[in-house]
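The values are calculated or read from the model by the stated rules, or taken from the named source; none is laboratory data. Owing to the predicted nature of the structure, the values given are computational and were not obtained by experimental measurement. Because the Cβ atoms are built from the backbone with ideal geometry, glycine has one as well, and the counts that use them run over all protein chains shown. With ligands, DNA and RNA removed, areas are computed over all heavy atoms of the protein, side chains included. Shrake-Rupley method; radii C 1.70, N 1.55, O 1.52, S 1.80 Å.
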Amino acid sequence: MSDTNFDLIVIGAGPGGYVAAIRAAQLGLKTACVESRETLGGTCLNVGCIPSKALLHASELYEEAHSGSLTKFGITFKDVKVDIPAMQAEKAKAVGELTGGIEFLFKKNKVTWIKGRAAFTSPNSIDVGGTAYTAKKIMIATGSSVTPLPGVEVDQKVVVDSTGALSLPKVPKHLIVIGGGVIGLELGSVWKRLGAEVTVVEYLDQLLPGMDGEVRKEAAKIFKKQGMALKLSTKVTGVAVKGGKATVTVEPAAGGAAETLEADCVLVAIGRRPNTEGLALDKAGVALNARGQIEVGHDFQTKVPGIYAVGDVTPGPMLAHKAEDEGIAAAEFCAGLTGIVNHDVIPGVVYTMPEFASVGLTEEQAKEKGEIKVGKFPMMANSRAKTNRDTDGFVKVIADAKTDRVLGVHIVASLAGTMIAEAALAMEFGATSEDIAYTCHAHPTHAEALKEAAMAVTGKPIHM
Ligand code: FAD
Ligand code: NAI
């Protein structure tokens, strides 16, 4: 086979695409991956999961040192300063190490990186920068990009999207965040901790759409307590920029009198949309659904045999681990094996402080499906959280009233993102709440709150 002819070509090297390419190569397929960015790793490694977590971590350390919250532990600091360029440089270093790591893995697994933008020329051929490539199978893993807000121009200086908000050269005095979803709250938290006044404008009556109702209420309580101004049920109707300042016009979502807010930075974070422009999907015969996504079957194959799709470009939550698991499963199908992704058990985590994590059905969704039992345990009653003085939040376990099978777990806690893994594993194995309640959990750990919430499903927690 020549260098332009492959068993599998993957388009896009984000968590969906790069993982699929590596798995396919491990399974013996001659594999290439096309990526137009300078570095591999997609949105997640370059301008998403990794840089946002680097800034969340650094800003949390600064806030702990600066706010005096450690004084009660007998730790005091003098002259705590924040050096944004140094913080940004450390973030860039982590990103560089991880994206470089993917390049190393490509070489190790003999995945060919085709640099440039791919466009279909037929169902089994693409063009990249004037060169034609053919493959028995092609996988679309082109990800997503920021949804624009009509009438609001992102200049990445005063009006930024998530990519701009990850690279601000200094702390804004007042940051207005449009959209109280995951990006708005994570990046709003970063700049709040570093000293900005932050106002979140959210169209709906609560933050974090899609999460459990009780969790969403708790989120509003916690972020208000942390000093964020929340304008819920409010829509942005315009943003005007003049002399480095923005005037944001808002009005009640249901209609009513408009008001203006002044800011020196505005973050637009109202969602993301699939990347399909420029792919010439018509040449491959692949159609989009009404939401602009590529639909696939259980084997991640589109309606066109031999063309697969995974990750943000397909329906479902736009999460890196969902994309990765789909990439692995789709590669296994491409190699003639059977891959499996359980889309009912995909955890989601908001990495603020505390973290918000969930897996499975919300209480509202579970009630619609049948009779349920709910067990709740507050972090205030968890000995480790109490010792660490991080008692915000609770654990909630939702189980089927008849079978006791766990249907959903929702956690608000400093370590919720780590704790949710146990809940996901339990659900993957079809656990009942009793299974979790009778599993020995190490003491003292935050994870004991999950055991106690599971005990509460049948009304018998110990420490409450
Ligand atoms: P992407 O990562 O978007 O990768 C697609 C790649 O395809 C891109 O590199 C793009 O350049 C390339 N591409 C597109 N079209 C072409 C073409 N025609 N030719 C060649 N290359 C092409 N998710 C989490 O699970 N946890 C988090 O903590 C998290 N934090 C996030 C923070 C932010 C600020 C953002 C924006 C997102 C975050 N996400 C997080 C979401 C996560 O980044 C995405 O779900 C994930 O990257 C999707 O992976 P993907 O492979 O489908 O697509
Ligand atoms: P989102 O869908 O989470 O939130 C967008 C919010 O904007 C919603 O609450 C919506 O009601 C609101 N909104 C929409 N239009 C509005 C308007 N005109 N005025 C005011 N509010 C408006 O989208 P977000 O935060 O942009 O994130 C995009 C994706 O990135 C998410 O789907 C998420 O899965 C992924 N992501 C995941 C992270 C994680 O896993 N920790 C972190 C960051 C992003």
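Observations on the structure shown:
- The requirement of being in a strand (DSSP E or B), near ligand 1 (Cβ under 9 Å from one of its atoms), within 25 Å of Lys235 (Cβ to Cβ) and not basic (Lys, Arg) is fulfilled nowhere in the stretch 165-187; no residue meets it.
- Val215 more than 16 Å from ligand 1 (Cβ to nearest atom), in a strand (DSSP E or B) and β-branched (Val, Ile, Thr): no
- Between Thr338, Thr314, Thr276, Thr302, the distinction of being within 16 Å of ligand 2 (Cβ to nearest atom) and of a type in the set (Ser, Thr, Tyr) belongs to Thr314 only.
- Qualifying positions in the stretch 250-263 - part of a strand (DSSP E or B) and open to solvent by 40 Å² or more (accessible area, probe 1.4 Å): Glu251, Pro252, Glu259, Thr260, Glu262
- Checking Gly348, Gly360, Gly327, Gly336 one by one, the residue that is surrounded by fewer than 18 Cβ atoms within 10 Å (Cβ to Cβ) and of a type outside the set (Val, Ile, Thr) is Gly336 and no other.
- Here Met87 meets each of (1) touching a Leu at 6+ places or on another chain (Cβ under 8 Å); (2) surrounded by fewer than 17 Cβ atoms within 10 Å (Cβ to Cβ); (3) farther than 19 Å from Leu105 by Cα with one exception, condition (2).
- Meets criteria (surrounded by fewer than 22 Cβ atoms within 10 Å (Cβ to Cβ) and in a strand (DSSP E or B)) for Lys235: yes
- Residue match in the stretch 299-314 (condition: assigned to a loop (DSSP other than H, G, I, E, B) and open to solvent by 60 Å² or more (accessible area, probe 1.4 Å)): yes
- Among residues of the stretch 13-66, those that are of a type in the set (D, E, K, R) and within 9 Å of ligand 1 (Cβ to nearest atom), counted: 3
- Enumeration of residues in the stretch 328-381 that are in a strand (DSSP E or B) and aliphatic (A, V, I, L, M): Val349, Val350, Ala357, Val359, Ile372, Val374
- In the stretch 399-420, the residues that are of a type outside the set (Val, Ile, Thr), within 24 Å of Leu56 (Cα to Cα) and open to solvent by less than 60 Å² (accessible area, probe 1.4 Å): His410, Ala413, Ser414, Ala416, Gly417, Met419
- Evaluation of Ile138 against the conditions (1) crowded, with 22+ Cβ neighbours inside 10 Å; (2) within 21 Å of the chain's Cα centre (by Cα) shows that the sole unmet condition is (2).
- Condition met for Leu281 (within 16 Å of ligand 1 (Cβ to nearest atom), in contact (Cβ under 8 Å) with a residue 12 or more places away in the chain and open to solvent by 30 Å² or more (accessible area, probe 1.4 Å)): no
- The residues in the stretch 142-159 that are surrounded by fewer than 20 Cβ atoms within 10 Å (Cβ to Cβ) and more than 15 Å from ligand 2 (Cβ to nearest atom) can be counted, and the count is 3.
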